[in-house]
Amino acid sequence: MNASLEKTLLHLTGKTNFSEVSVAQLEGLVAAHPYFAPAQLLLAAKLKNTQQPQAVSQSTKTALYFTNPFWLQLQLNKDAHDEQVTSVAPVTAKISSLLSDQLASFKKPLEADAKLDIEAKQEKLYTTDYFASQGIKIDLDAIPQDKLVSQMRKFTDWLKQMKPADTNIDLGVSSKQEKDVIQSAESSNEQREVITESMAEVLGKQGQTDKAIQLYIKLSFLNPEKTAYFAARIQQLKGI
């Protein structure tokens, strides 16, 4: 039992433990003072501690007398809350210890002869063995040396001798021409919005009212002479 309930029980009953007070005594106290919130709280706590079937209904009734339901739940479940905090404490301490060890390792000064191990750049598989890069495991020395094997061996050896492709190839165009080509390619890939009256009607029939209205608004700007017609269509879609 938490300190708040213990003090309340002592002031109202003269006892310091729920085991010294019966449910009947607390029910009599509530009956004599039905609007006294501490009495309702003590009865709810007693019923909950003794696992009485009316504990839930009394807790609900007690909540009507308090403006802070979170504080009330804390009072009624203080023991369970303390157990949960106790179980979490070792985990928190372990995490704190791990972080402290990592921080100490990070702040440790480097030695003069310390070296940073960096993996050597691996050669691409297809430059050493094309068939292995394709998932084909074959030992050319373990099979009969016919014409096909000879061709496969020559192809693999040729790949090993290939040089990386030079990406800095001069195409004979200026930087301005290259920029114009890039802009032209980007503009050709842009997705243009389809704005037609037929599309607006289709959207309206599909129930996409908001999209249809937005399309009619754009059509009004593109076709000022039909503004009145598009306004009527918008009002129709809005149900005006």
Under the 7 Å Cα-to-Cβ spin-label approximation, GLN235 and LYS154 lie apart by a distance in nanometres of 8.4 nm
Between SER22 and ASP101, Cβ-based FRET efficiency (R0 45 Å, step 0.05) works out to 0.25
Two pseudo-spin positions, 7 Å from Cα along C-beta at GLU111 and at SER184, lie apart in nanometres by 6.3 nm
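Any read-out appearing in this document is the output of simple, stated calculations on the displayed coordinates, not a laboratory observation. Please read these numbers as outputs of a predicted model, since none were measured by experiment. Note: ideal-geometry Cβ built from the backbone for every residue, glycine included; neighbour counts use all protein chains shown.
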